[in-house]
Every structure is written in structure tokens, then in C-alpha cells.
Amino acid sequence: METQLTGIPASTGVVIGPARLYHTQVPKIRPRTIEPDAVDLEVERLHRAVAVSREQIWGVLGRGDAQGIDHTVQDILKTHLVFLKDPMLIGRTEQRIREQRESAEYALAQVVGDAERIFSRQEDPVFRERFADIQDVARRVLRNLLGGMTDLGADLPQEQVILIAHDLSPSDTATLPKDRIIGFATEVGGPTSHTAILARSLRIPAVVGVAGLLEQVGDADTVILDGSHGMVVVGPSVETRQRYERTGRQIQADENRLRTYALLPTVTLDGHVLDVSANIELPDEAKDALQYGAGGIGLFRTEYLFMRARNLPSEEEQFQAYRSALEYMEGRPVVIRTLDLGGDKFAHTIPVPDEMNPFMGWRAIRFCLQNRGLFRTQLRAILRAGVYGRARMMFPMISGVRELREALAFLEEVKEELRKEKVKFEEHIPVGGMIELPSAVMVAEDLARYLDFFSIGSNDLIQYSLAVDRINEKIAHLYQPLHPGVLRMIRHVARVGNRQGIPVEICGEMAANPLCCLVLLGLGIERLSMSPVAIPRVKAIIRSIRMDQLSLFGERILSISTAEQVERYALRVARRILPFYPWDEEQAMPVGHGQPPREAETNMDLVVEASLRR
């Protein structure tokens, strides 16, 4: 009997094949107390398991080129090597063995449990997923303590299968035999989880976050995995199988066609040249950005240099990282955002106190202005690296003019230090500010007098404007990118930038979403920054539209009063402008639950429709 399960799309494509169940959970560790004279032996046992784990990871890295392991996977595994030396994980485990006389297995399990409680409080989904690294490393050590760990590929049959698991760690994914795994689905994970990232880098269709997956699928069951729409079909009928076979062929053809857009100019049919850039976390990702056709780096999130480091990165280490990104981009602009730690992101090298409401507390530019030594080191590194390309600097979470002037004054102070030391640096580096707070929107005219560009951080702007916690499932339906209040704020900032003669960019999930992209262009946003993999799709849309079609469309959007009506209207126009695009109301951009009410046509609609026929 056919069963359809719904999850989260992680990596596009449709595959059909037999299921193979993979049980990743480590057996439950029971408390065990050791005798005082056995403590040293237990600590030695822990370190022996750590050493074996390190050798196993080096073994996978050593086979990397031969097996075609993606550099993203290799970077994650190198991070795991750092965790194996981290006092937060191994050091605290040893401390528990010595002070509480717990077995190595139980002590490690308790330390991981403590880490999970800390990481689960973080709002940024990318940062929450960092716990997956800790969990993966700990699981490897635990398995070696319990008798050894083998590569995933050793347990697989020789035929091609679809892997079904509770979760897949980076280590698991790194050892996937590409010739035998045609896709995978997991019970946990999100679109920013390592599982999803690695699936995309390996170009394997994947669905994550499928509740009850292991209960519904048996070994050797025929499964259809639709990574484009987040569907897993168990025991499909003949009709369903034939339909998905046609869909799979169409998706593959669409992907092949989209890849051809990567290196084409980002220009509309009526000659408007737009700017599509990439968001990155680490300098090596600039190479991927170029392959996907980025016109530059619109957002370099520098906090990830701190989050993955064992110690605070020095000025020289940061300088080399920023310089690498600039040199990779070969003269294209690179916007380097200053440290955005605190609230939803922290590094174990920087003590951040617990707060009642950390997302409205000591974070981002506020944190940096109260940690001048750390801020000075980063500013010096950015300024020095600026001479190796077209660097731009950006301050996050600016709330008003006073805060901005304080940051700019400190920047001038750092420049004067470098002049006195006769250190070469970029004197005239453009400086921008992130518009992600409603207060910044309202004083944008004042901020523009001090800045060279704006960057609208759509994720935080939506969250702070609507007072919606994105990870709270009870109110997730209220997180509405197409909310009229959000769209009117974006339009206001675009107009301010136009009047003041400074560029306005938008980064975040809105920029990469096809429907939201059209809305943003209609609102006057001509610079978009997004995940590199989304660039070819957005380029395909831009190269198929006329900007004069979108101006009246944008004005009409601003007159609509609900997010549901905005989406319905935008979809109607999108299908008219781009009939070739597979617009799907359920996949466009979630703005709430239920069917939106149909909106009556107005005189403005008739004018817009007439403009589309030109």
C-alpha cells in the first residue's frame, strides 16, 4: 500500500530504488562508577579512543582525492580534528572521570548532553547545527570506546540504494560510496544542517526532517525520494512511479538548463544590469561563489572564523582569511561584515554571559563596541586585507546614529594607529550598515549621511518586525516574508538609498526565493545576495523579465493589506511574466496556513496586466 511522507527539501532531484535502513544511534550509556585506583587507566582509555578517532578521520581525509570527497566535507572533518583536542569536549570528559569517577563512556555522554542544552537555546539554525559536529565527534569516540567503528560503506549492499536513517553525520556522508547511494532521507535535520549541505555538495537528492521515517520504511521497500519537494513515497503505485519518473527527467533537464545561466551576465530583457552576489562563511567558499556566477561577495559572515577556531584568531590569521577571499574574487567586491557574535551565535573562545533575552541583548555591534581589543584586531585585519581587492566593510545590527558614529569613530582611531605604524592598508574602504532593526529603517535617512551602502538583513528584519521566533513551531506560520509591513519597510529603505545616492542590497532567504525575488525587484531592490547555489536560478529569472514590467507591479503590492493576498497576487503576475517557470503555490514561500482569500481585481490590476502585454 502506498504511503506518502513529507519532510524538508534538502537537495533537488527525484530517485527511485530500494531502501536501506541505517541505524546511527549509539546504545544508551548507563552510569558506571570506577574505583579510585582505576581512574588513570580510564583516562588513558579515553585518550586511546580519541587517538583512534583521529587516525580514522585522517584516513578518510587521506582518501579524499581518490574518492572524490568534496572540499566542504573535508573542511568539516578537519573541524572534527579540532574538536578532538577541545577542552570543552575531551577536557571536560577527563575532568568528570577524575572528579566524579565516572566511566569514560558515561562521562562523555554527560558532557555531550550539557552541550546539547547550550546549543539548543541558540536561534540561528546554522549555529544550532554546529552541535551536529560535536555529536558526530562524540559518537565516533563512544563507538571506539565500545569496541570500534566502521565506515558506512562497509555495511551496504553492492546494488544502488536509497539510504534511510535517523540522521547522517558528516563522517557518515564522507564515506558514502557514490556508486551505491543514489539518495537519502533522514528523520531529523533542516535546510541548513550539515546533512543537507553535504547532500547538495555531493549532488545527491535528499529529504530531511521526515517524522516517523524509520517506522514507515522497511529494508528493501521500494521508495521514491523527491528532494525537490520534500516527499518520500513508500511502496508507490504504478501510476505514481510513472509520474515521478517523468518529474525526475524534467527536474534534471531544468537543472542542466539552469547551470548554463551561471556565467551569463545578470541583465534584464530591457537592459538593466543587476547585481547578484553570494553569502559565504569561510574564505574557500568564494571559489564556489565564482563557479555559480556570483558578481561578488555580498556578505562574508566573519563570526564563523571565531566559532570554528580553538583559540581566538589572531590579526594575522584574520588578515590571511580576508585576503584569500579577496584574491579568490579577482577584483569583484567583497563585503566583510564585522563580528556578529552574541544572541544566537557564540564561540567557546569568547565568554558571553547568559541573558534573559539574548537576541535583544549584548550582541553584534554592541558586543564589539564593549570589546574594543577584539574589535580593533578585526578592523586592523580587514583594513590591511583591503589592499588586495575591492573590500567593503559592514557593521551589523545598527539601531541608530549614535551607535554608528561610535563605530565609525573607532574605525578612524584604528586607521590612525596603522598610519603611525606605517602599515599599508585601504584608506578609503567603503563602509556600510545592516538594516535589520525597525529603528534603523525609521532613521535610514540619517544613517545614509554616514554610510556608503545599506544591506537589508531580511531574516532578522522580519523576525524583529513581526516579533516572531523562527524556531518556535507554535508561531512559525506568522514568520511572513511577504507581510505588507515588511515590504513597506524594504521599499522605504530602497527609496532612501535612491534619494541619497547609495546602493541598497538585500541578503537573506528572501533574495534566493524566486517569488520574493520578483517582489523585491518590483520594490526597487537591484542588488541581491544569497547562497551560491541559488544564483543560477535567480539569474535565469532576471534574464527573462523586463524591469519596466515590475515597477507598476511593485506599486500594486504596496497597496495590499495581508501577506496571503500579496502571495496570491504575486503568483498570478509571476505566472504571467514567466510562464516557463514551475511556479508552485505550496513551494513559493510559506506565508501562513490555509488557502488565502481571492482578491478582487482593481483598476490598478488592469493597468498592471496591460503593462505585462507590452
Would the range 584-606 turn up any residue that is surrounded by 15 or more Cβ atoms within 10 Å (Cβ to Cβ), touching a helix residue (DSSP H, G or I) at 6+ places or on another chain (Cβ under 8 Å), at pLDDT 85 or above and on the phi < 0 side of the Ramachandran plot? no
For the range 439-466, give me each residue that is of a type in the set (Ser, Thr, Tyr) and in a helix (DSSP H, G or I). SER439, SER458, TYR464, SER465
Out of GLU412, GLU445, I need the residue that is among the charged types (D, E, K, R), under 31 Å from the mean Cα position of the chain (by Cα) and assigned by TED's automatic domain parsing to the domain that holds PHE300. Which one? GLU445
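Looking at this structure, is PRO481 surrounded by 23 or more Cβ atoms within 10 Å (Cβ to Cβ), of a type outside the set (Lys, Arg) and either modelled with pLDDT under 95 or within 23 Å of the chain's Cα centre (by Cα) (or both)? First the steps, then the outcome.
Numbers: surrounded by 23 or more Cβ atoms within 10 Å (Cβ to Cβ): yes; of a type outside the set (Lys, Arg): yes; either modelled with pLDDT under 95 or within 23 Å of the chain's Cα centre (by Cα) (or both): yes.
The answer is yes for PRO481.
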Tell me which residues, restricted to the range 20-38, are outside any loop (DSSP other than H, G, I, E, B) and surrounded by fewer than 15 Cβ atoms within 10 Å (Cβ to Cβ). THR33, PRO36, ASP37, ALA38
List the number of the failed condition for VAL52; all other conditions in (1) modelled with pLDDT of 85 or more; (2) closer than 30 Å to LEU225 by Cα; (3) hydrophobic (A, V, I, L, M, F, W, C) hold. (2)
Residue check, ARG63 in contact with a Leu (Cβ under 6 Å, 6 or more places away or on another chain), among the basic types (Lys, Arg) and at pLDDT below 90: no
Only listed residue being closer than 17 Å to PHE300 by Cα and modelled with pLDDT of 95 or more, chosen from ARG392, ARG402: ARG392
What pairs can you find where one residue is in the range 1-19 and surrounded by 18 or more Cβ atoms within 10 Å (Cβ to Cβ), the other is of a type in the set (Lys, Arg), and their Cβ atoms are less than 6 Å apart, with a gap of 6+ or different chains? SER11/ARG200
Matching residues in the range 385-412 - criterion: being among the charged types (D, E, K, R) and either more than 23 Å from ALA321 (Cα to Cα) or part of a strand (DSSP E or B) (or both): ARG390, ARG392, ARG402, GLU403, ARG405, GLU406
Just checking, does the range 441-463 include any residue being out of contact with any Asp or Glu (no Cβ under 7 Å at 6 or more places or on another chain), modelled with pLDDT under 95 and of a type outside the set (D, E, K, R)? yes
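State which residue is farthest from the chain's Cα centre (by Cα) when the search covers only the range 271-309 and only residues that are in a strand (DSSP E or B) and of a type in the set (D, E, K, R).
Residues of the range 271-309 in a strand (DSSP E or B): 273, 275-280, 297-301.
Now narrow it down to the ones that are of a type in the set (D, E, K, R): 275, 301.
On the way: ASP275: 20, ARG301: 11 Å.
Ranking the qualifying residues of the range 271-309, first place goes to ASP275.
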Conditions (1) under 28 Å from PRO503 (Cβ atoms); (2) outside any loop (DSSP other than H, G, I, E, B); (3) out of contact with any helix residue (DSSP H, G or I) (no Cβ under 6 Å at 6 or more places or on another chain); (4) at pLDDT 80 or above; number of the one not met by PHE319: (3)
Quick count over the range 483-502, residues being in a loop (DSSP other than H, G, I, E, B) and in contact with a Ser or Thr (Cβ under 9 Å, 6 or more places away or on another chain), is 1
Restricting to the range 363-384, name every residue that is in a helix (DSSP H, G or I) and either touching a strand residue (DSSP E or B) at 6+ places or on another chain (Cβ under 7 Å) or basic (Lys, Arg) (or both). ALA364, ILE365, ARG366, PHE367, ARG372, ARG376, ARG380, ILE382, ARG384
Would you mind finding the one in GLU330, GLU355 that is of a type in the set (Asp, Glu) and at pLDDT 90 or above? GLU330
Do any helices (runs of 4 or more DSSP H) lying entirely in the range 503-584 carry at least 3 residues that are more than 21 Å from ARG257 (Cβ to Cβ) and without any contact (Cβ under 8 Å) to a residue 12 or more places away in the chain, and which ones are they? none
Can you tell me how many residues in the range 212-240 are within 25 Å of GLU255 (Cα to Cα) and surrounded by fewer than 13 Cβ atoms within 10 Å (Cβ to Cβ)? 1
Consider the range 66-96. How many of its residues are more than 24 Å from PHE131 (Cβ to Cβ) and either modelled with pLDDT of 90 or more or aromatic (Phe, Trp, Tyr) (or both)? 0
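The values are calculated or read from the model by the stated rules, or taken from the named source; none is laboratory data. Note that the coordinates shown come from a computational prediction; the quantities given were computed from them, not determined experimentally. All Cβ positions, glycine included, derive from the backbone under ideal geometry; neighbour counts span all protein chains shown.
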